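Peer 1: Shown below is the structure under consideration.
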Amino acid sequence: MGSKWRKAKLALGLNLCAYLPRTSDDDYSSLPSTERLSDAALLSPSNWDNMASSRPMTPVPSSHGLRLSKSLSRSSSKSSKQTCSICLTKMKQGAGHAIFTAECSHSFHFHCIASNVKHGNQICPVCRAKWKEVPMQSPSLDPPPGRAAINPVGWPQNDALMTVVRRLPPPRRDLSRRHVVPLFQTPEPSVFNDDESLDQQPLIAESKISLDNSSLRTIEIKTHTEVSAAPRSSSYDNFTTLVHLKAAATVSSQNPSRNHASLSQLFQNPRAPVDLVTVLDISGSMAGTKLALLKRAMGFVIQNLGCNDRLSVIAFSSTARRLFPLRRMSDIGRQHALQAVNSLVANGGTNIAEGLRKGAKVMEDRKEKNPVASIILLSDGQDTYTVNGPGANKSQPNYQLLVPLSMHSGENTGFQIPVHAFGFGADHDASSMHSISEISGGTFSFIETESVIQDAFAQCIGGLLSVVVQELQVEVECMDPSLCLGPLKAGSYPSRVAADGRTGFIDVGDLYADEERDFLVSVKVPAESSGCETSLLKVKCVYRDPLTKEMTTLESDVVRIQRPEIAGQEVVSIEVDRQRNRFQAAEAMAEARTIAEQGDLAGAVSILENCRRVLAETVSAKSHDRLCVALDAELKEMQERMASRHVYEASGRAYILSGLSSHSWQRATARGDSTDGSSLIQAYQTPSMVEMLTRSQAMLLGSPSTQRLVQPLWPLASQPMPR
């Protein structure tokens, strides 16, 4: 039986058919002990030729292999109550899956660990112990010259299972050998229109529900003037009005009957499903712990996508390859996706442009589209082919070359897919990652400590899985003929004022549930000759419901200010002052970063220090406003990260750019590894983000091994700050 045991494990490790010998069970056991191989060594390809040449073998029906697979799982009763740390499903006795127990005593599904352990990566995914023997080895994304890449998942790109098994004629008893040709990955199609079809029935039902609750699916509009009353005789060149928008909390987790927890009870109505493409760096610098933690983070993403969400994974190093097309994350889809991600191996260079090109192509070529679409990009290095490659202008790199033209947010292509970029570690090119996100309309996050990557991904998908508003455009119109608009402060959102100066527009795009936006509108207000009030402006919002596809228009009340004849004491609005401070701090950060890039770190620190002094004298600072306190703490942190050129290059640049990205889009990003409760990281978090973060940290902190490895990036009991 020993011989069959080893051959079955070899077959399971490669996801291939098992061909078992008709010879006696003790053929292999009769060998001298010095010539035998251990169970793990037996699965190493380096020993196959020696094994095959030393033993006779005659094919028998593959049903024997199936019975052996079941017997293997029955023999692992001690692991029946455990959970596989790779696919996160139970390892049940008699479930038809072999269970592999490593020398460190941790157990996994055999097919999971076989696709997880690769060349030289002999590390336990749970306790990080280094194994002396590994279950199997298989090629990476960049196979050696002359060899085709193997698909370890058995999930070909064109859905045709390309399995070739050839039987040899019955040879002599002492010379026979097994000949099995593994699964080869089929060439990528020229057009990526092989995405899995959408399940329309649930969406139709959800649309009916959202129609019934259409009164709830709205945007709240509030306005605040810098002062409530202005003397009739006074004129203002830049009278400031704050436009505050907040999306309703009407989204819920899709398919709450799934076998793992739904996205809490924060939401009562259905949400819009997502098409998500992750573009992952697997260059040589990602080897070891980085890649292991990336796989764990991707596992969390896969497990938390709904059955109507679709996922495709692009892996890039010197080249880029689509691991699988857009697939619905059903139970089968999640299992295949987990296996594909766990099969990744790190080697080669860093070709970010090729990875993004393929990610954009997946989105462009899909034959069906979910309401929400986004790309997540992660890299720990610098592009060595397009921006920093041979012939490139390294003194003035053109980062726009990294982003396909179809993804430029300023292009009128009708193709708007934001790229949420994650810079990993101290060696990534923060400038290029920030530029990619800005060009496409996404955010840039800085993951300083590799152990917080899952939290960063969790926060991002917590937002993507809660989109309630799309194509939002804000229109501001002057109500009095004597008024005209001044500058619109909208951060990175495109804004414009009409030629007559009476109407302004801000293109906002998507909003997550409970997400807020604040814009400052300047109005030129003349003196009032008569009357006791002035009608300033009206705000109008036009947006699309992601489920019903219907366009909705909302209007605010007319904004007015009192115009008394005698001036009284002016009371400055703390809401307006708070947002002025935020814009002023963001401008100081941008200016300091420009000076720092020119080599003047002392000048950059001085700019930040001056901003802190100015903010300390404002109304909101004197009232101990939490946002103002957090801004001061953030500016101080940036000063410390400019202490020297080495510190700035290692973390200062990335920290500042991720902060600028967060402020300019008013959306939460990961920044460094701070757990400071006053950190502005929490300022833009939504309840769905906090819920997903809580779930991520509960999973990470639940394992004793990860308690030593992973430190949370955010406190579990995050409280949104006042806006």
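The values are calculated or read from the model by the stated rules, or taken from the named source; none is laboratory data. All figures in this text were calculated on a predicted structure; none of them were measured in a lab. Neighbour counts run over all protein chains shown; Cβ positions are idealised from the backbone, glycine included. For accessibility, only protein heavy atoms count, side chains too; no ligands or nucleic acids. Shrake-Rupley method; radii C 1.70, N 1.55, O 1.52, S 1.80 Å.
Peer 1: Modelled label-to-label distance, Ile566 and Ala129, 7 Å Cα→beta-carbon offset: nm?
Peer 2: Placing both labels 7 Å along Cα→Cβ, they lie 8.6 nm apart.
Peer 1: So if R0 is 41 Å, what FRET efficiency would Lys222 and Ser197 give, r being the distance between their Cβ atoms, rounded to the nearest 0.05?
Peer 2: After rounding to 0.05, the efficiency reads 0.45.
Peer 1: Where in the stretch 636-655 does the amide nitrogen come within less than 15 Å of the point 7 Å from the Cα of Ser606, taken along Cα to Cβ?
Peer 2: Under cut-off, by backbone N: nothing.
Peer 1: Give me Rg over Rh for the stretch 576-665, both radii from the alpha carbons and Rh done the Kirkwood way, two decimal places.
Peer 2: Value, to two decimals: 0.97.
Peer 1: Same structure again: Can you tell me the FRET efficiency between Asp507 and Leu701 if r is taken as the Cβ-Cβ distance and R0 is 60 Å, rounded to the nearest 0.05?
Peer 2: For R0 = 60 Å, the calculated efficiency reads 0.90.
Peer 1: Show me, for the stretch 581-593, the HN-Hα J-couplings you get by feeding each phi into the Karplus relation (A = 6.51, B = -1.76, C = 1.60, θ = phi - 60°), rounded to Hz, glycine and proline as x.
Peer 2: My calculation for the stretch 581-593 gives 4, 5, 5, 5, 5, 5, 5, 5, 4, 5, 5, 5, 5 Hz in order.
Peer 1: Heavy-atom accessible area of Met479 with all protein chains present, probe 1.4 Å, nearest 10 Å²?
Peer 2: 70 Å²
Peer 1: In terms of modelled amide H atoms, which long-range or inter-chain residues lie less than 5 Å from the amide H of Leu536?
Peer 2: Val559, Arg560, Ile561
Peer 1: I'd like the accessible area for Arg560: 1.4 Å probe, protein heavy atoms, all chains in place, Å² to the nearest 10.
Peer 2: 120 Å²
Peer 1: Just read off the accessible area of Glu196 with the full protein assembly in place, 1.4 Å probe, to the nearest 10 Å².
Peer 2: For Glu196, solvent-accessible area is about 50 Å².
Peer 1: Set the bar at 29 Å for Cα to Cα. Now go through Lys246/Lys369; Lys290/Lys489; Lys367/Lys549; Lys524/Lys549 and name every pair that lies beyond it.
Peer 2: Lys290/Lys489; Lys524/Lys549
Peer 1: How high is the FRET efficiency from Asp237 to Thr594, r the C-beta distance, R0 25 Å, rounded to 0.05?
Peer 2: My answer for the efficiency is 0.35.
Peer 1: Counting only residues 5 or more places away or on other chains, whose amide H sits under 5 Å from the amide H of Val279 once H atoms are built in the peptide plane?
Peer 2: Residues meeting the amide H criterion: Ile314, Ile376, Leu377, Leu378.
Peer 1: How much length would be gained if the chain were fully extended between His408 and Glu533, taking 0.36 nm per residue of separation minus their Cα-Cα distance, in nm to one decimal?
Peer 2: Details: separation 125, 0.36 × 125 = 45.00 nm, distance 4.47 nm.
Net length gain for the segment: 40.5 nm.
Peer 1: While we're on this one: Given Cα positions, please report Rg to Rh for the stretch 608-650, the hydrodynamic radius being the Kirkwood one. Please list the in-between numbers first.
Peer 2: Working: Rg = 12.2 Å, Rh = 11.1 Å.
Dividing the radius of gyration by the Kirkwood radius yields 1.10.
Peer 1: Accessible area per residue, 1.4 Å probe, Å², for the stretch 576-665: what's the number?
Peer 2: Ligands and nucleic acids excluded, the figure is 40 Å² per residue.
Peer 1: Same structure, new question: Measuring from label point to label point, each 7 Å out along Cα→Cβ, what is the Met479 to Val647 span in nm?
Peer 2: Between Met479 and Val647, the simple spin-label model gives 5.1 nm.
Peer 1: While we're here: Using θ = phi - 60° and the Karplus relation 6.51 cos²θ - 1.76 cosθ + 1.60, list the HN-Hα couplings for the stretch 530-545 in order, rounded to whole Hz, with x at every Gly or Pro.
Peer 2: Rounded to whole hertz, the list is 8, x, 9, 7, 10, 7, 8, 7, 9, 10, 10, 10, 10, 8, 10, 7.
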